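K.L.:
One structure, as structure tokens, below. Some questions next.
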Amino acid sequence: MKSVTVRFYEELNDFLPATRKKRSYTVTFNGKQTAKDIIESEGVPHTEVDLILVNSQSVDFGHIISDQDYISVYPEFELLDISPLIRLRPEPLRESRFILDVHLGKLAGLLRILGFDTMYRNDFMDEEIAATASVEKRIVLTRDIGILKRNSVSRGYWIRSVRPADQAHEVVRKFNLQHAIRPFNRCILCNGIIESVDKALIVDELLPGTRKYFDNFYRCSSCRKIYWEGSHYKRLHAFIKKMQEEKY
């Protein structure tokens with residue numbers, strides 16, 4: 001039997017039991033184990049990890065762990081430049097594009113309202129999410145830690161919050177997206193691009209009240225759903241403004 005000392009930092013402690021949070025502790029193992037094996041055996045998905053130090057030396061996920069090693073595991077660094085060290089994820093995406101699991105339908109709608117490219121279906125299988133994320137270079141957002149432990153998933157985040165509005169704040173904060181918000185740019189239903197449309201072209205599709213009281217309309221280029229600035233617009237606008245102005 002071999003043993004190592006492990007310490008997880010900052011939000012990685014969210015995945016640990018109370019007795020192991022914010023402290024060093026011993027992990028025992030048999031056979032040949034990589035850094036990734038040790039980390040995920042403790043319940044921490046590799047997608048949440050940005051830096052691993054073994055005996056103060058930066059290593060990658062495939063590093064073979066030795067008996068009595070000291071392993072320090074860190075989440076994403078936002079304020080500290082660690083570029084000289086080994087980074088565990090590919091180069092940052094130029095555009096944040098997401099794919100969400102079946103538990104995050106309301107969050108998908110909010111992210112689309114904010115203008116982010118967000119794939120979601122209520123019948124997505126885990127393997128389909130992982131495969132799509134890999135091919136299309138999407139960030140997996142999930143409430144299921146198991147998806148993030150798949151080797152094919154290189155970018156992902158476990159949503160901590162339960163309320164959809166709080167989840168949206170969490171995503172914007174985590175990925176520093178407040179300056180990338182482009183509201184009312186995507187269809188809530190299908191993620192298609194919304195474009196302005198002349199009222200005369202759709203007048204026959206409108207209900208009498210809508211036709212009478214509104215003049216500015218928009219239509220999804222994919223599913224053809226029609227939008228206008230109805231009673232819900234002020235509420236959504238206030239939500240968006242708060243997201244854009246909040247200091248993270």
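Every number here is computed from the coordinates shown, using simple stated rules; none is lab data. Because the structure is a prediction, the values reported are computed rather than measured. Glycine gets a Cβ as well: all are built from the backbone with ideal geometry, and neighbour counts include every protein chain shown.
K.L.:
Nearest 0.05, what FRET efficiency do Asp215 and Asp126 give at R0 = 51 Å with Cβ-Cβ as r?
P.N.:
The calculated FRET efficiency here is 0.65.
K.L.:
Out of residues 5 or more away from Arg138 or on other chains, whose amide H comes under 5 Å of its own, with H placed 1.01 Å from N in the peptide plane?
P.N.:
Close amide H contacts, sequence-distant or interchain: none at all.
K.L.:
Tell me the chymotrypsin sites (Phe, Trp or Tyr not before Pro) within segment 1-83 that lie in a loop according to DSSP and have at most 10 other beta-carbon atoms within 10 Å.
P.N.:
Filter output for segment 1-83: empty list.
K.L.:
Taking θ = phi - 60°, what integer Hz values does the Karplus form 6.51 cos²θ - 1.76 cosθ + 1.60 yield along segment 141-154, in sequence order, with x for Gly and Pro?
P.N.:
Values per residue, Gly and Pro as x: 10, 8, 9, 10, 4, x, 4, 6, 8, 5, 4, 6, 8, 9 Hz.
K.L.:
Rounded to the nearest 500, what is the chain's calculated 222 nm mean residue ellipticity when only DSSP H runs of at least 4 contribute -39500 (n - 2.57) each, over all residues?
P.N.:
Rounded to the nearest 500, it is -7000 deg cm²/dmol.
K.L.:
Moving to a separate point now. Normalised by the number of residues in the chain, what is the relative contact order in percent for Cα pairs under 8 Å and 6+ residues apart?
P.N.:
Once divided by the residue count of the chain, the mean separation gives 14 percent.
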